[in-house]
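Down below is the structure, laid out as structure tokens.
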């Protein structure tokens, strides 16, 4: 592997949900290696970007950080660092649609940011309807009895987690009938 090339993340997975040491997945009498890719969830605002990342299996989203926006170049530099750290290959950008489903100025800004992420970081970018995710994040944080200051500090990364988890749930492979 050339120096500086991204490492390939793989995991040995069995058809019954058990790991196979060193062999991959047994399919039709042979083992194959399954490549796992992580995804970013991004909640793009005018002052901050909430960042979440998926687990290696693409099942759950975890909050990572909230970036204070300074300039597009600085935002992309920090996202590149995080993408390398977490081995991210895909991004889901929250799309703040109007309540009637149309795109307004905020959605256009989110698309511009997502396009810049795709160009600059080389990530595949998808957009996900984020209507009411910040309100849902605030409800979760209120139920957790966090102070107003603490809620303000983490609400964007929690919203990014909700955006990414919604996308992951909608794109999860169908459950197989033969699984235990």
Would you check if residue 85 is modelled with pLDDT of 90 or more, within 19 Å of the chain's Cα centre (by Cα) and loosely packed, with under 13 Cβ neighbours inside 10 Å? yes
Is region 59-69 home to any residue that is modelled with pLDDT under 95 and more than 19 Å from residue 155 (Cα to Cα)? yes
For region 49-63 the number of residues that are touching a strand residue (DSSP E or B) at 6+ places or on another chain (Cβ under 9 Å) and surrounded by fewer than 19 Cβ atoms within 10 Å (Cβ to Cβ) is 6
Can you tell which of 94, 45, 104, 41 is crowded, with 17+ Cβ neighbours inside 10 Å, out of contact with any strand residue (DSSP E or B) (no Cβ under 9 Å at 6 or more places or on another chain) and at pLDDT 90 or above? 45
Tell me which residues, restricted to region 118-139, are closer than 21 Å to residue 170 by Cα and part of a helix (DSSP H, G or I). 133, 134, 135, 136, 137
For region 145-157, which residues satisfy the criterion of being in a loop (DSSP other than H, G, I, E, B) and buried (at least 16 other Cβ atoms within 10 Å of the Cβ)? 146
For residue 142, which of the numbered conditions (1) out of contact with any helix residue (DSSP H, G or I) (no Cβ under 8 Å at 6 or more places or on another chain); (2) in a helix (DSSP H, G or I); (3) farther than 22 Å from residue 38 by Cα fails to hold? (1)
Given the conditions (1) at pLDDT 95 or above; (2) more than 20 Å from residue 37 (Cβ to Cβ); (3) buried (at least 16 other Cβ atoms within 10 Å of the Cβ); (4) touching a strand residue (DSSP E or B) at 6+ places or on another chain (Cβ under 8 Å), and given that residue 115 satisfies all but one, which numbered condition is not satisfied? (3)
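The values are calculated or read from the model by the stated rules, or taken from the named source; none is laboratory data. Just so we're clear, the structure is a prediction, and the values are computed from it rather than from any experiment. Heads up, the Cβs are rebuilt from the backbone with ideal geometry, glycines too, and the neighbour counts pull from every protein chain shown.
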